[in-house]
Amino acid sequence: MFVRLVYESFRRQKRRKVLAGAAITLGVTVATAMIGVATDIGDKINRELRTIGANLVVTPQEDSLDLEIGGVSLKPPTDGAFLNEADLPKIKGIFWHNNITGFAPMLPVKVAIEQNRNRQDVTLLGTYFAKQLFYGKDGFTTGVRSTHPWWKVSGAWPEDSSRDVLLGERLAMRLGEKSGDEVMLAGRPLKVSGILSTGGAEDDEVIAPLALAQEILGRPGAVRRVYVSALTKPEDAFGRRDPKSLSGAIYDRWYCTPYPQSIAFQLAEAIPHSHAEQIRQVSQNEGAVLTRIEGLIFLITLAALFASALAVSAAMATTIFERRTEVGLMKALGAGKLTVASIFFAEATLLAMIGGLAGFVVGAALAHQIGHSIFNSDISIPPVLLPVILAIAVIVTFAGSAAAIRRAVGLDPVFALRGEL
Amino acid sequence: MSAPMSHSGRDLAASRARSPHTSMFLRMLVRAAVLRRGRAASALFAMVVAAAVATAMLNLYVDVQAKLRREFRNYGANIIVVGRDGASLPPDALARVDSVLAGRGIAAPFALVVARTGDGQPIVVAGADFERVKQLDKWWSVSNWPSEIPTLAAKDAARMGHPALIGVRALPEVAPKNQAFDLSFQRKTLHVSPAGTVQTGAAEDSRIYISLADFVAWTGVQPSTIEIAASGSPEEVASTMKQVTQAIPSGDVRPVRQIMEGEARVLGKTQSTLLAAAALIILTAALCVLSTLMGWVFDRRRDFAIMKALGASGRLLSGFFAAEAAVLGATGALIGFVVGIGIAAWIGRVNFHAPVMPRLSVLPVVLAGSMAVTLLSAILPISLLRRVQPAVILRGE
């Protein structure tokens, strides 16, 4: 009888059930989408912040002091120590390798550029543009195109295996060269594939594939420094602790948290004779911006959850209030308060489950859509969230119905049946 | 509120003819709310919550850019002025930049030379205005800022050494025991004593920073770089850049493109996310109001039927329910606006440590939206009920 009552109620009162179900679906949709966005926003904004540039730099351990003014190195190119290019793929072998979004080695070389018998000294910077590398069997592409996204090239980016170069914007203007021209660099005729504009010191430099710079310098495999772009967690007091002072489990926890410090520590471990450090301008501020945006979206998600809980409660209260006559009839026929309440609660649970499931699916699609239209990447809702969302839907539906059900079962059947309320 | 009994029948009829329903209309409006306190209150509550959430979201949406821009200014300079081909800038360049900025940003001058240490090693020495650098480059990790002691006589300064900030990589090379040391530049020496260290992870780590006054007195070189953190929207920054270019014709003014582009990207994405969230939340809140109010109006179909049976016209009835909805919508919107401003201010304080300014421009939007939703939720059930005979409703069928 109980099952039949519930079943018939769904079969016969389609309009009401659809209305209440729609409210629950909508509420759960909004909740799922917002939870999805809120859990993923940190990662998404972190990736956007990577457009500001690398946040870690790896240098040789026994390096002499930099002599750099305005982004131009005054140090003799052969001075100081170098890193070995062959060690670079090991960056993708560290514990947090999935957090490394890219890296770019740099090797500045002083070269003479000849034009109509005029000689001029310029800096040639060897680097990767979008180089295919392998760590074990895992292939990946890295270079300045991913770590320095603000570098704009008119013309074409050179191939990493080619002998083409990019000319900095201001240098090209001084020389009167354009893309497609040929320049004499260090006694070699090289093709200019494009003109580079960065707004920085590179505008006065020549950018070349790393192998070419090594050849000119006469040091195969040499790299001056490596810029690494990594997704990090904002540092806190624990992150700032010196790993040497930590022991056992605490050290493991520090090591296995993606602080800028611990990733730098792992980079220095992976590359022999190297020293890795966070670029504070980028990494320190990242944390602040990230915390603010995450906090904002978290608070807004709370507001969204509250609003959807309210919408579900309102819809449930309305549907139950409309069924006073039915309650009166049941009570007149001898049903106890408990029976009436359990029928309503069973119906509410069923509605919450159906609406919750539909809402979860729609909400996941919505989060996916938001991810694609705003961030051009996927926001995925972990399936683990489904039971949690369903539980929340049932609880909210119960809470929303409870007051209305209590009032409904407390009614005197006589008044209810005569419609005098 | 009842019609005065002392009037003669003709007067009463005449006054009724002039204002046929006004007093009755008002009375019904007020009594409907008072007598059914519970349901009216729950409808009003839904309205207040919806209006509050909408107000808070709109306020945040408008204000969040300004808040986040302030965070981005911690990245330091977004404009750099350098002398053409490494030349120094005119001595009054900083004053000109300051007058262009007029408080909307901060500028810091830097002068750089390659000097030699006692054992002949080259090292970059920079002159900087420490007070300005402290505000501009907040990410510098400095163990102790050198304090400038103006009262110190030149003789004493020469003996004790000019206070200097030493880069962490330079420190073991120049002052392993943190002792005072000599720097020479074009045969002029300067005695400096380490006051603290600076760590940034970039070129600053290999440099020595001394105060600009000491630097100019020692080398005679004027600042060649001014870093500017201009606040405001991209358009304001662009106009600041143009003005700086005009103010210092001998300088090369460049935007720090990675900071500007990164800022624009992150702000754009955050605001789009906020917009999507606001749309979802406002939609949910509006539907909550819609369902509550429709239930309320639907519940009163007996009132409706009685009024109709007593001869009220369809237009009058619609007008009555619409007026009721409008009053509810306006009251709810006003209370909700105040609550919403409070929520936005609270979020601002908790998250950004600065209150979100109340925007009165949001009020008409919220008011109009609330009225539209309430009117819709009153008109919808009425148009359904109008087609039904009052007798059917009164018999409870």
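Only bridges whose two residues both fall in chain A count here: according to DSSP, what percent of them are antiparallel, nearest 5?
Values: 45 of 53 bridges.
For chain A, the DSSP antiparallel bridge percentage is about 85.
With unit charges on the beta carbons (Lys and Arg positive, Asp and Glu negative) and the dipole taken about the Cα centre of the range B:78-255, which residue among B:PRO172, B:THR189, B:ALA202 sits farthest to the positive side?
Of the candidates, B:THR189 comes out farthest on the positive side.
Suppose each label sits 7 Å from its Cα in the direction of the beta carbon; what would the B:ASP119-A:ALA249 distance come out to in nanometres?
Here the modelled spin labels are 4.8 nm apart.
What percent of all Cα-Cα pairs in the range B:132-257 falls into each 10 Å bin, going from 0 up to the bin containing the maximum distance?
11, 34, 31, 18, 6, 0
Run the numbers on the range A:150-266 and let me know its relative contact order in percent, using alpha-carbon pairs under 8 Å that are six or more apart. Display every interim value, and only then the final one.
On the way: 151 pairs, mean separation 27.5, N = 117.
Value for the range A:150-266: 24 percent.
What ³J(HN,Hα) values, in whole Hz, does the Karplus curve 6.51 cos²θ - 1.76 cosθ + 1.60 give for the range A:362-374 when θ = phi - 60°, with x put for Gly and Pro?
Here the 3J(HN,Hα) series is 5, x, 5, 5, 5, 4, 4, 5, 4, x, 6, 7, 9 Hz.
How much length is gained on full extension from B:SER147 to B:GLU236, taking 0.36 nm per residue of separation minus their Cα-Cα distance?
Working: separation 89, 0.36 × 89 = 32.04 nm, distance 3.44 nm.
Length difference between fully extended and current span is 28.6 nm.
Quick one: P(r) of the protein assembly as shown from all Cα-Cα pairs, 20 Å bins, percents rounded to integers, in order of increasing distance.
13, 35, 25, 17, 9, 1
Using modelled amide H (1.01 Å from N, peptide plane; none on Pro or chain starts), what sits under 5 Å from the amide H of A:ALA81, excluding residues fewer than 5 places away?
So A:ALA81 has HN proximity to A:SER64.
Looking at the protein assembly as shown, send over the antiparallel percent of its DSSP beta bridges, to the nearest 5. Spell out each step's value before the answer.
Working: 79 of 98 bridges.
Around 80 percent antiparallel, to the nearest 5.
Please report the relative contact order for the range B:78-255, taking Cα pairs under 8 Å with a sequence separation of at least 6, and give it as a percent rounded to a whole number. Numbers along the way, then the final one.
Details: 351 pairs, mean separation 68.7, N = 178.
Once normalised by length, the contact order is 39 percent.
For the range B:78-255, give the share of DSSP beta bridges that are antiparallel, in percent and rounded to the nearest 5; count only bridges with both residues there. Walk me through the numbers on the way to the answer.
Details: 34 of 45 bridges.
Taking every DSSP beta bridge with both residues in the range B:78-255, the antiparallel ones total about 75 percent.
Across the range B:197-208, in residue order, what do the Karplus-derived ³J(HN,Hα) couplings come to in whole Hz, using 6.51 cos²θ - 1.76 cosθ + 1.60 with θ = phi - 60° and x for Gly and Pro?
Once θ is set to phi - 60°, the couplings for the range B:197-208 become 10, 10, 10, 10, x, 10, 4, 4, 5, 9, 10, 10 Hz.
For a quick check: with amide H placed at 1.01 Å from N, whose amide H comes under 5 Å from B:THR189's, ignoring anything fewer than 5 positions away on the same chain?
Residues meeting the criterion, in which the H sits 1.01 Å from N, do not exist here.
Let's see if you can work this out: charge +1 on each Lys and Arg Cβ, -1 on each Asp and Glu Cβ, no other charges. What is the dipole magnitude of the range A:55-278 about its Cα centre, in debye to the nearest 20? Could the numbers behind the result be given before it?
Details: 24 positive and 28 negative charges, 53 e Å.
Rounded to the nearest 20 debye, it is 260 debye.
A:LYS90: which lysines have alpha carbons under 24 Å from its alpha carbon, excluding same-chain residues fewer than 8 sequence positions away?
Partners found: A:LYS131, A:LYS137, A:LYS233, A:LYS244.
With a cut-off of 16 Å, note down the residues of the range B:359-397 whose backbone N falls inside the zone around a label point 7 Å from the Cα of A:ALA332 toward its beta carbon.
In the range B:359-397, the label zone of A:ALA332 (backbone N under 16 Å from the point 7 Å along Cα→Cβ) covers B:395-397.
Please express the Cα-Cα pair-distance distribution P(r) of the range A:55-278 as a list of whole percents, one per 10 Å bin, running from 0 to the bin with the greatest distance.
8, 32, 33, 18, 7, 2, 0
Along the Cα-to-Cβ line of B:GLN246, 7 Å from the Cα, sits a label point; which residues in the range B:69-89 have backbone N less than 20 Å from it?
B:79-82
List the lysines whose alpha-carbon lies under 24 Å from that of B:LYS134, not counting same-chain residues fewer than 8 positions away?
Reachable lysines: B:LYS67.
Any idea what the dipole of the protein assembly as shown comes to, in debye rounded to 20, about its Cα centre with Lys/Arg Cβ at +1 and Asp/Glu Cβ at -1?
On the way: 84 positive and 67 negative charges, 1008 e Å.
Magnitude of the dipole: close to 4840 debye.
On a 0 to 90° scale, report how tilted helix B:362-385 is relative to the longest principal axis of chain B, with both axes built from alpha carbons and the result rounded to the nearest 10.
The answer is roughly 30 degrees.
Would you mind checking the range A:321-346 for residues with the amide N under 11 Å from a putative spin-label position 7 Å along Cα→C-beta of A:ARG11?
It comes to no residues whatsoever.
Hey, with R₀ at 30 Å, roughly what FRET efficiency would A:SER161 and A:CYS256 work out to, going by the Cβ-Cβ distance, to 0.05? Show your work: numbers first, answer last.
Working: r = 37 Å, r/R0 = 1.25.
Once rounded, the FRET efficiency stands at 0.20.
Putting +1 on Lys and Arg Cβ atoms and -1 on Asp and Glu Cβ atoms, find which of B:LEU101, B:SER23, B:ALA278 reaches farthest to the positive end of the dipole of chain B.
Comparing the listed Cα positions along the dipole, B:SER23 ranks first.
GluC sites (Glu not before Pro), restricted to the range A:58-108: which are DSSP loop and have at most 16 other Cβ atoms within 10 Å? Write down the numbers at each step before the final one.
On the way: sites: A:GLU62, A:GLU68, A:GLU85; in loops: A:GLU62.
Listed in order of number, the matching sites are A:GLU62.
Could you work out the relative contact order of chain B, using alpha carbon pairs under 8 angstrom and six or more residues apart, expressed as a whole percent? Write out the running numbers ahead of the final one.
Working: 585 pairs, mean separation 105.4, N = 397.
Computed over chain B, the figure is 27 percent.
At 7 Å along Cα-to-Cβ for each site, give me the label-to-label distance between A:LEU386 and A:ARG117 in nm.
Modelled inter-label distance: 8.1 nm.
What is the mean number of Cβ atoms from other protein chains located within 10 Å of the Cβ atom of each residue in peptide A:313-321, rounded to a whole number? Write down the numbers at each step before the final one.
Working: counts 4, 13, 6, 1, 5, 10, 2, 0, 5.
So the per-residue partner count for this stretch is 5.
Given R₀ = 22 Å, what would the calculated FRET efficiency be for A:ALA237 paired with B:GLU131, taking r from the Cβ atoms and rounding to 0.05? Please list the in-between numbers first.
Values: r = 28 Å, r/R0 = 1.27.
So, using R0 = 22 Å, E works out to roughly 0.20.
If neighbour count is taken as other Cβ atoms inside 10 Å, put A:ASP43, A:ASP138, B:ASP63, B:ASP137 in order from fewest to most. Don't skip to the end; give the middle numbers.
Values: A:ASP43 15, A:ASP138 11, B:ASP63 20, B:ASP137 23.
Listed from fewest to most nearby Cβ atoms, that is A:ASP138, A:ASP43, B:ASP63, B:ASP137.
Can you give me the C-alpha center-to-center distance between the range A:130-177 and the range B:250-325, rounded to a whole angstrom?
49
Under the rule of at least 5 residues apart or a separate chain, name every residue whose amide H is placed under 5 Å from the amide H of A:LYS110.
Amide H neighbours of A:LYS110: A:LEU124.
Taking Cα atoms, how many degrees apart are the long axis of helix A:260-270 and the longest axis of chain A, rounded to 10 and kept between 0 and 90?
50
Arrange B:HIS353, A:HIS275 by Cβ neighbour counts within 10 Å, fewest through most, would you? The partial results should precede the final answer.
Values: B:HIS353 9, A:HIS275 18.
Exposure proxy ranking, most exposed first: B:HIS353, A:HIS275.
Divide by every residue of the protein assembly as shown the summed helix terms, -39500 (n - 2.57) for each DSSP H run of at least 4, and state the resulting mean residue ellipticity at 222 nm, rounded to the nearest 500 deg cm²/dmol. Write down the numbers at each step before the final one.
Values: 26 runs with 425 residues, N = 818.
Result for the protein assembly as shown: -17500 deg cm²/dmol, rounded to the nearest 500.
What angle do you read, to the nearest 10 degrees and between 0 and 90, between the alpha-carbon axis of helix B:22-35 and the longest principal axis of chain B?
The helix B:22-35 is inclined about 70 degrees to chain B.
Quick note: the coordinates plus some simple rules give every number you see, no bench work behind them. Just so it is clear, the structure is predicted and the values come from calculations on it, not from any experiment. Every residue, glycine among them, receives a Cβ derived from its backbone with ideal geometry; neighbour counts consider all protein chains shown.
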